[in-house]
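These notes concern the structure reproduced below.
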Amino acid sequence: MPEMDGIEALQVIKEKWPDLRVIVMSTFSDVEQAVTSLQNGAVGNLLKSTQPKELIDTVRLIYAGGTSVTQEIAEQVFEEMKQQRMQLMERGEFTWVNPYGLNKREFDLLDQLFHGFRYKKSRLA
């Protein structure tokens, strides 16, 4: 974009129309940009190479009140969070934050499902 980057445009848009639901589209998968756009009010993040059907499905999801990020971005974000958590644990600085009231077993099960294990096949079943 010639006059400003996508994040700056998002900030201007959200300032003028705070209730507008914005999907950011990018040429390449960049976790930092995706996180920054979400922190600045975007409710979706897609690659410009997204197939038309997926784009339509995402617009419908966003219109219905949902949010969406690509699987690749989600995996990268979760991997970075895991690495940060491990670093904090190694330094003894990790504090368990549990805003949803999950117990350790429930959290581990969600982690297994995130990594593609089926409940019956997970080591927690």
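The values are calculated or read from the model by the stated rules, or taken from the named source; none is laboratory data. Everything numeric in this text was worked out from a predicted model, so none of it was measured. For neighbour counting, all protein chains shown are included, and Cβ atoms are generated from backbone atoms with ideal geometry for every residue, glycine included. What goes into the accessible areas is simple: the full protein's heavy atoms, side chains included, and nothing from ligands, DNA or RNA. Shrake-Rupley method; radii C 1.70, N 1.55, O 1.52, S 1.80 Å.
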Looking at Asp57, Asp30, can you tell me which residue is at pLDDT below 90, of a type in the set (Asp, Glu) and open to solvent by less than 90 Å² (accessible area, probe 1.4 Å)?
Asp30
Residue pairs, Cβ under 8 Å, 6 or more apart or interchain, first in the stretch 35-49 and in contact (Cβ under 8 Å) with a residue 12 or more places away in the chain, second in a loop (DSSP other than H, G, I, E, B) and open to solvent by less than 50 Å² (accessible area, probe 1.4 Å). List them.
Val43/Gly66; Asn45/Thr70; Leu46/Thr70; Leu47/Ser29; Leu47/Thr70
Go through (1) farther than 18 Å from Asp30 by Cα; (2) in contact with a helix residue (DSSP H, G or I) (Cβ under 9 Å, 6 or more places away or on another chain); (3) modelled with pLDDT under 80 and name the single condition Met89 misses.
(2)
